[in-house]
Amino acid sequence: MEFRVAPTDSDLFTNAKRQLDRAFQHIDISDDAQRCLEHPKTVIQVSIPVRMDDGSLSIFQGYRVRYDDTRGPTKGGIRYHPSVNLPEITALAFWMTFKCAVVNLPYGGAKGGIAVDPKALSKLELERLSRGYIDAIADFIGPDVDIPTPDMYTNSMIMGWMVDQYNIIKRMKSPAAITGKPLSLGGSLGRDDATGRGGYYILKKRLEKLNKSAESPTIAVQGFGNAGFHIARLLYDDGFKIVAISDSKGGIYNPKGFEPYSIKQFKDETKRVEAVYCEGSVCNGIEHDRITNAELLELDVDVLIPAAMENQITAKNADCVQAHTILELANGPITYEADMILADKGIIVVPDILANAGGVTVSYFEWLQNRSGDYWERDKVHHRLQRIMSEAFEAIWRIASDRDVDLRIAAYIHALKRLTEAIDSKGTREFFTSK
Ligand code: GLU
């Protein structure tokens, strides 16, 4: 795969905690709360035996980390990727904790994953693996405990298998145990494009704050999975110019702009974006340059949207970024060192724990609908999502300008207020030692 998971000084979790340490310097919170937030609550590693189509047995490593559940049951996706490892899943669970607090959902944070190349499995092998993962972790999840959902290379069909397996084990119907399900199994309207749509609402708010209004802002999107495609099409429909798009195999660039819908259609057929204009498609006549993922990040565009893997913008390439705004639709695409360089250059980074919170927000709506049995119209989902994202953006923007900090620190401060209030409400050192 071409997405470079750049080596950094330390693992992803250590890097994530450095962001938190930076936020601690700007907010007065109890030692107890600081210490609670530095460690994951539960770490589970499982070995999943799967009978392969050729009769052989493969053993896959799976993980589920529940980082903090002070504010409610933990919530977070399950990813299938060859590079899945424990520090990565722990960092992602950590970010889910702060993400849920940023948008004030009554949840803590979790994440899971399996080290596997899902594209190398048949559909039946994928189903057996997904059910096997639930067999292994069923005692640790549930609607009031921990609620999985899709993440990288998992989708609604996989969630359908997982909720079915959970129901078989528990001998009851429990749709709220897993979100991101197919509509027919209790999914929510509007969950499919929620991450991209939430990012779109946030980017619109960010651009409103710019004094100069670009005629038609130019956008480069790295990653063309669920989040990347949906934000590209929403921005395109709104008159933005999508000049570059990539996937794990490479990218395409045209300063005149692309129309994302047909790219998606051809990607689905050819399995790669970069093939779209190069292998006899109907778009053959459209001018384009082939670019690498690394080149995409350095293009002269207004807005850069990393929507793929972590660690894409590092100390090595941060100085070459030309966009005035980066919207982190992926989790952790910018390293700690790169953050400092981008801040020095005056580039505004809208952090992942705000920018991509649309997915978990609509997962929350799905969970509410499952629990009440009252299913919402799509308009209601969009309306409530927009309200939640806008309120979070405004609150974080205000913190950033009042305290003269970047948006990432402001987002952590915003989340920390909610998290520490919940942690401290169980008692603080001062409370227990005062007469
Ligand atoms: N996997 C998504 C994320 O990283 C969605 C989480 C959820 O819906 O629980 O935010």
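Each value in this text was obtained by applying a stated rule to the coordinates, not by laboratory testing. Predicted model, so just to flag it, every value in this text is computed and none were measured. FYI the Cβ positions are ideal-geometry reconstructions off the backbone, even for glycines, and counts take in every protein chain you see.
Values computed for the structure shown
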item: Relative contact order %, the range 1-141, counting alpha carbon pairs below 8 Å whose residues are six or more apart; result: 25
item: Two-decimal ratio, the chain, of alpha-carbon radius of gyration to 2.2 N^0.38 Å; result: 0.96
item: Range in the chain, longest, excluding exposed GluC sites (Glu not before Pro) [loop by DSSP; at most 16 other beta-carbon atoms within 10 Å]; result: 39-214
item: Per-pair calculated FRET efficiency, R0 = 25 Å: residue 30 and residue 403 via Cβ, rounded to 0.05; result: 0.80
item: Projected-area mean, the range 22-69, by convex hull of Cα positions, square nanometres; result: 5.1
item: Total charge dipole magnitude, the chain, about the Cα centre, Cβ charges on Lys, Arg, Asp, Glu only, Debye to nearest 20; result: 1100
item: Out-of-range pairs (alpha-carbon distance over 25 Å; input 41/417; 241/267; 41/205; 204/256; 205/345; 17/205); result: 41/205; 17/205
